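Take a look at the structure below.
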Amino acid sequence: MDVLDEVFERVVKARIFRNRSVLSPDYIPDKLPHREREIRALGSIVAQALKGERPSNVFIYGLTGTGKTAVTLYVLRRLEAKAKELGAPVSYIYVNCRQRDTPYKVLAEIASTLDVRVPFTGLSTAEVYTRLVRRLKKLRGHVIVVVLDEIDWLVKRKGDDLLYKLTRIGYELGLDAAKVSIIGVTNDVKLVEMLDARVRSSLGEEEIVFPPYNAKQLEDILRERAELAFNPGVLEPDVIPFCAALAAREHGDARRALDLLRVAGELAEREGADKVTVEHVKRAWVEIERDRVREVVSTLPLHAKLVLLAVLELTAEGKRYTTTGELYDTYSNLASKLGIERVTQRRVSDIIAELDMLGVISARVVSRGRYGKTRMITLSADPKAVRDALSEDPLVRILLGAE
DNA sequence: AATCCACAGGAATGGTTGGCAG
DNA sequence: CTGCCAACCATTCCTGTGGATT
């Protein structure tokens, strides 16, 4: 038996998972524990579609992993099924604004779901919009619910013009076209303040708030899924409470909890263990963090990487935080060591904001009186993970090697 | 109570790149 | 091929501001 045989054997014999996909992030379960209130609320709003009416636009808030997306998709799938049963022309379109993070991409996504052919670049946004409207006119009598998930990513970067236009489609095309209603989903409660008053009032016809799960509720969710995902008896008794506790610490993020459980299972399976232990969960936590950081850092432009490296250096030993000015100096040094031009402080200010949004650093504005107003910047990701991720960039590695 | 630091962060604009339409 | 456009990074110029010090 050679090495590969051994590997294959091990995987085939592994009996950890019964159905791993149940734990994947886009799996929508049949039961959503502790979200009955939200399901009822959203259901009663979109139910209007079954009577051929345009449902009110809805604004959904809640932190990451509070079940917003799952509940929304769950309700809309059921709505579509019910509509089919009744012969009502109702459909929904789901767009994730984190993946489609510009007005053009969002419109193109909506249009192509409605069978309008759009190239992924080359047209003006206005052109895509008019093609979409033309299509909607052909769909007179239909009710279409558009879900814009994570719209904070769109609004913060590109403003709310698109939302304004989309909400106007719903109102102004009126009887001449399909009825369009919009469900906006956001993690950021403060987002509303950034919206134009007209958008705010039309999008906020209805509002649903998703509270975070507590540790107990997370346990319920995990148990429900674990039963489908794992073979009986492979989870040591402490595993689920431990996952729940870790995720509860992160503002009750159910997605995080499920990820933990899945990765812990994968680790156990990979090493041929017959049980998933708390130790696996601990390692899963580290691995998830490392992957997350690597993914974020790898797509960063060079100057953003240098800024991040500067943060890393400044917060390295003992010192817990740094400020914009100090960071800019350090960054400037790094740039000159590489012999490249530095960007302006204004730009670095934006880079700081971007890194903050990506969750790799955390920056909050503080006022230090006579000593000015600045941002207090801390590294919020694991330093080692950041360092490793940065060193994958050949240019940045020169700096890391030079120390 | 007024001042003033050290930036925050808005608005306008520019230079590239990649890609469609005709 | 030309004209046009979106997207992205970046610059310039700018007004705004919380609170320790004067």
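Figures for the structure shown
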quantity: Pick from region A:272-310, criterion among the hydroxyl-bearing types (Ser, Thr, Tyr) and outside any helix (DSSP H, G or I), ranking: farthest from A:Ala381 (Cα to Cα); calculated: A:Thr277
quantity: Single condition A:Ala363 does not satisfy, out of (1) more than 23 Å from A:Leu400 (Cα to Cα); (2) in a helix (DSSP H, G or I); calculated: (2)
quantity: Qualifying residues in region A:159-201 (those that are basic (Lys, Arg) and either part of a helix (DSSP H, G or I) or modelled with pLDDT under 75 (or both)) - the one surrounded by the fewest Cβ atoms within 10 Å (Cβ to Cβ); calculated: A:Lys190
quantity: Qualifying position, being more than 21 Å from A:Glu80 (Cα to Cα), among the β-branched types (Val, Ile, Thr), in the same structural domain as A:Leu114 (by TED's automatic domain parsing) and away from DNA strand C (no atom under 16 Å from the Cβ), among A:Val180, A:Val192, A:Val145, A:Val155; calculated: A:Val192
quantity: Of all residues making up region A:102-130, the number that are modelled with pLDDT of 85 or more, more than 9 Å from DNA strand C (Cβ to nearest atom) and more than 17 Å from A:Ala177 (Cα to Cα); calculated: 2
quantity: Residue satisfying condition, being within 13 Å of DNA strand B (Cβ to nearest atom), surrounded by fewer than 20 Cβ atoms within 10 Å (Cβ to Cβ) and not hydrophobic (A, V, I, L, M, F, W, C), within set A:Thr323, A:Thr299; calculated: A:Thr323
quantity: Among (1) modelled with pLDDT of 90 or more; (2) among the β-branched types (Val, Ile, Thr); (3) assigned to a helix (DSSP H, G or I) - the single one A:Ile208 does not satisfy; calculated: (3)
quantity: Positions within region A:342-377 being within 24 Å of A:Arg290 (Cα to Cα) and near DNA strand C (Cβ under 7 Å from one of its atoms), in sequence order; calculated: A:Ile351
quantity: Members of region A:339-360 that are away from DNA strand B (no atom under 15 Å from the Cβ) and either exposed (fewer than 14 other Cβ atoms within 10 Å of the Cβ) or in a helix (DSSP H, G or I) (or both); calculated: A:Gly339, A:Ile340, A:Gly359
quantity: Flag if A:Glu289 is within 30 Å of A:Val234 (Cα to Cα), in contact (Cβ under 8 Å) with a residue 60 or more places away in the chain and out of contact with any Pro (no Cβ under 9 Å at 6 or more places or on another chain); calculated: yes
quantity: First in region A:127-148 and closer than 22 Å to A:Ser56 by Cβ and buried (at least 18 other Cβ atoms within 10 Å of the Cβ), second anywhere and at pLDDT 90 or above and aliphatic (A, V, I, L, M), Cβ under 6 Å, 6 or more apart; calculated: A:Val143/A:Ala49; A:Val143/A:Val90; A:Ile144/A:Val180; A:Val146/A:Ile93; A:Val146/A:Ile182; A:Val147/A:Ile183; A:Leu148/A:Val95
quantity: Number of the exception - A:Tyr104 against (1) surrounded by fewer than 18 Cβ atoms within 10 Å (Cβ to Cβ); (2) farther than 18 Å from A:Thr186 by Cβ; calculated: (1)
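The values are calculated or read from the model by the stated rules, or taken from the named source; none is laboratory data. Just so it is clear, the model here is predicted, and its values are computed rather than measured. Here Cβ is always computed from backbone atoms with ideal geometry, including for glycine, and neighbour counts include all displayed protein chains.
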